[in-house]
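As structure tokens, the structure follows; a few thoughts come after it.
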Amino acid sequence: MTFSVVQIEEGTQRIVGTVWANDESGARALAPVFFPSDVESNLSIQRDDDREIPLRMDAAAEPFH
């Protein structure tokens, strides 16, 4: 699932990132990893999409080593 990470400050909301996780609790666990602890208390998680976003690669792409 796709979740938006929203920062709430003084009555305004701003999307600061996107997290892909299996569920909302997983997204809440990931958000502090990407954002500093002083901002964490102002973060909210909002579900965007229940579908998984597929990873597409060009057939000519070099394999990972």
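The values are calculated or read from the model by the stated rules, or taken from the named source; none is laboratory data. Bear in mind that the values here come from a model prediction, so they are computed numbers and not experimental data. Ideal geometry is used to build each Cβ from the backbone, glycine not excepted, and the neighbour counts take in all protein chains shown.
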Next on the checklist: Under 7 Å between Cβ atoms, which residue pairs at least 6 apart in sequence (or on different chains) link something in the range 1-25 that is more than 12 Å from Arg47 (Cα to Cα) with a partner that is basic (Lys, Arg) and assigned to a strand (DSSP E or B)?
Outcome noted: Gln7/Arg14
Next on the checklist: Yes or no: the range 1-24 includes at least one residue that is exposed (fewer than 10 other Cβ atoms within 10 Å of the Cβ), modelled with pLDDT of 75 or more and small (Gly, Ala, Ser).
Outcome noted: yes
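Name the residue that is modelled with the lowest pLDDT, counting only residues in the range 25-55 that are in a loop (DSSP other than H, G, I, E, B) and among the aliphatic types (A, V, I, L, M). Spell out how you get there, then give the answer.
First pass over the range 25-55, keeping only residues in a loop (DSSP other than H, G, I, E, B): 35-36, 41-42, 50-55.
Subsequent filtering for residues that are among the aliphatic types (A, V, I, L, M) retains 53, 55.
Numbers: Ile53: 60, Leu55: 56.
This residue is Leu55.
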